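Let me begin by presenting the structure, written as structure tokens, before commenting on it.
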Amino acid sequence: MSPQAQTRKKRNVRLERARVHIHSTFNNTILTLTDLEGNTLAWQSGGTVGFTGSRKGTPYAAQLACQALIRQMKEMGIRSVIVTVDGAGPGRQPVIQTLRAAGIQVEEVKNVTPTPHS
């Protein structure tokens, strides 16, 4: 690896609004924070907060991942979010509830789970 690829510069981002993507499977819940254009700012999952194996897919792991993401959001000054939910795992609702309980204004919740149709 080149030295340039090893070091990443952390940008100091200040935003009012952002988008939180929740990818919830039965094995894990991945939360991605992006700006309104879709550029990734931060992400958390059940694995990044210390859970391993089947415990990553629990609602509690999703809640702790959301709390870690909220800490990063507060540093960036984000006060309101648009939430997109993808998947049918157990971590969907705890994430939205944790965002609201932390004082983050949830403007919109959009379900983008692909469903088959004929």
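Being in contact with a strand residue (DSSP E or B) (Cβ under 8 Å, 6 or more places away or on another chain), in a loop (DSSP other than H, G, I, E, B) and among the β-branched types (Val, Ile, Thr) narrows it down to one residue among Val13, Val109; which is it?
Val13
If we scan segment 82-97, do we find a residue that is open to solvent by less than 10 Å² (accessible area, probe 1.4 Å) and part of a strand (DSSP E or B)?
Yes: segment 82-97 contains one or more residues that are open to solvent by less than 10 Å² (accessible area, probe 1.4 Å) and part of a strand (DSSP E or B).
Please specify each residue of segment 98-108 satisfying the condition of being crowded, with 18+ Cβ neighbours inside 10 Å and either of a type in the set (S, T, N, Q) or under 15 Å from Trp43 (Cα atoms) (or both).
Answer for segment 98-108, where residues must be crowded, with 18+ Cβ neighbours inside 10 Å and either of a type in the set (S, T, N, Q) or under 15 Å from Trp43 (Cα atoms) (or both): Thr98, Leu99.
Give me the pairs, please: first residue somewhere in segment 62-91 and closer than 18 Å to Asn111 by Cα, second residue anywhere and among the aromatic types (Phe, Trp, Tyr), beta-carbon distance under 6 Å, and either six or more positions apart or on two chains.
Gly89/Phe26
Output the residue which, of all residues in segment 17-67 that are touching a helix residue (DSSP H, G or I) at 6+ places or on another chain (Cβ under 7 Å) and in a helix (DSSP H, G or I), is most open to solvent (accessible area, probe 1.4 Å).
For segment 17-67, the residue satisfying everything is Arg55.
Before we move on, is Arg14 basic (Lys, Arg), under 19 Å from Lys110 (Cα atoms) and either open to solvent by 30 Å² or more (accessible area, probe 1.4 Å) or free of Cβ contacts under 8 Å to residues at least 60 places away in the same chain (or both)?
no
When the residues of segment 68-81 are narrowed to those that are open to solvent by 60 Å² or more (accessible area, probe 1.4 Å) and part of a helix (DSSP H, G or I), which ends up farthest from Ile22 (Cα to Cα)?
Ranking the qualifying residues of segment 68-81, first place goes to Glu75.
The values are calculated or read from the model by the stated rules, or taken from the named source; none is laboratory data. None of these values were measured; they are calculated from a predicted model. Neighbour counts run over all protein chains shown; Cβ positions are idealised from the backbone, glycine included. To get the accessible areas, we keep the full protein, side chains included, count just its heavy atoms, and leave off ligands, DNA and RNA. Shrake-Rupley method; radii C 1.70, N 1.55, O 1.52, S 1.80 Å.
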